Amino acid sequence: EEATVIARAETTKSGHQAVQDLPAGLLAILKAWKDGHGLSEGDPVVEVPGALLKTFNQDLELAGIEKTDASGRTVDLHALRHLYGTMLVRAGVDLKTVQTMMRHATMSMTGVYLHHDRERLRRAAQALPEVALGPDTPERATQAALREGTTGLEVAQDEPAPTRFQQ
C-alpha cells in the first residue's frame, strides 16, 4: 500500500535494510501479480534467485532480446542500473535524490551510471538565464574592442564605451 519494496538487510550490499519507492504503474503490476498468485499479506512479492545472472540471461532469450546490440552495447544487470539512473535524470530528478534512490554512498558512484544525451544538454543550455547584448550595437562593441587595443587597430578616442552585456 505504501508503494515501496523493502530489501532485507541480509540481501543488500551495505548490510542495511533498504526501502525503495515504486512508480504507481509498477505497483499496479506487482499487486496484480501478487493477487494472481494467491500470495498472502507479508509474503514476498519478488524473490531474487541465487543464480540471478543465469535467470536474467534466460529471460532475455525468452523475450527475444539480443545480449549485444548493433553498437556493441551489452544488456546486463548494470545496464538496467544505467537505464534507471538515466531515466530519473531525464525525468528532472535532482542528483542527490538519484543517488539516494540508487542507494549509492557517493555522488561519484552515481555519476558512473548516468548518461548524457544531446537533447538534455541542449535543454540545460536553454534553461540558463538569458544573456543579451545591451542597448549598444555590435558595431559599438567592436569600437570598444578597438579602443581597448585588443585588435591592434586604431579607433577614434571620442567614442563612449558601450555596455558589453546586460542581464
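Out of the residues in the range 1-23 that are surrounded by 11 or more Cβ atoms within 10 Å (Cβ to Cβ) and hydroxyl-bearing (S, T, Y), which is nearest to the chain's Cα centre (by Cα)? Filtering the range 1-23 for residues that are surrounded by 11 or more Cβ atoms within 10 Å (Cβ to Cβ) and hydroxyl-bearing (S, T, Y), the one nearest to the chain's Cα centre (by Cα) comes out as T4. Among the numbered conditions (1) in contact with a Phe, Trp or Tyr (Cβ under 7 Å, 6 or more places away or on another chain); (2) open to solvent by 90 Å² or more (accessible area, probe 1.4 Å), the only one that R81 does not meet is (2).
The conditions of being in contact (Cβ under 8 Å) with a residue 60 or more places away in the chain and open to solvent by 60 Å² or more (accessible area, probe 1.4 Å) are met by R103.
So that you can scan it fast, the table gives a plain yes or no per residue for (1) within 22 Å of V5 (Cβ to Cβ); (2) assigned to a helix (DSSP H, G or I); (3) open to solvent by 60 Å² or more (accessible area, probe 1.4 Å); (4) of a type outside the set (D, E, K, R):
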{"residue": "G25", "(1), (2), (3), (4)": "yes, yes, no, yes"}
{"residue": "L30", "(1), (2), (3), (4)": "yes, yes, no, yes"}
{"residue": "W33", "(1), (2), (3), (4)": "yes, yes, yes, yes"}
{"residue": "S40", "(1), (2), (3), (4)": "yes, no, yes, yes"}
{"residue": "V48", "(1), (2), (3), (4)": "yes, no, yes, yes"}
{"residue": "D59", "(1), (2), (3), (4)": "yes, yes, yes, no"}
{"residue": "L62", "(1), (2), (3), (4)": "no, yes, yes, yes"}
{"residue": "A70", "(1), (2), (3), (4)": "no, no, yes, yes"}
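Go through the range 75-120 and report how many residues are under 23 Å from H16 (Cα atoms), out of contact with any His (no Cβ under 7 Å at 6 or more places or on another chain) and either in a helix (DSSP H, G or I) or of a type in the set (F, W, Y) (or both). Residues that pass the stated criteria total 18.
The values are calculated or read from the model by the stated rules, or taken from the named source; none is laboratory data. Small disclaimer: the values here were computed from a predicted structure and weren't measured. Cβ sites come from the backbone with ideal geometry, for glycine too, and all protein chains shown count toward neighbours. Surface accessibility is based on the protein's heavy atoms, side chains included, excluding ligands, DNA and RNA. Shrake-Rupley method; radii C 1.70, N 1.55, O 1.52, S 1.80 Å.
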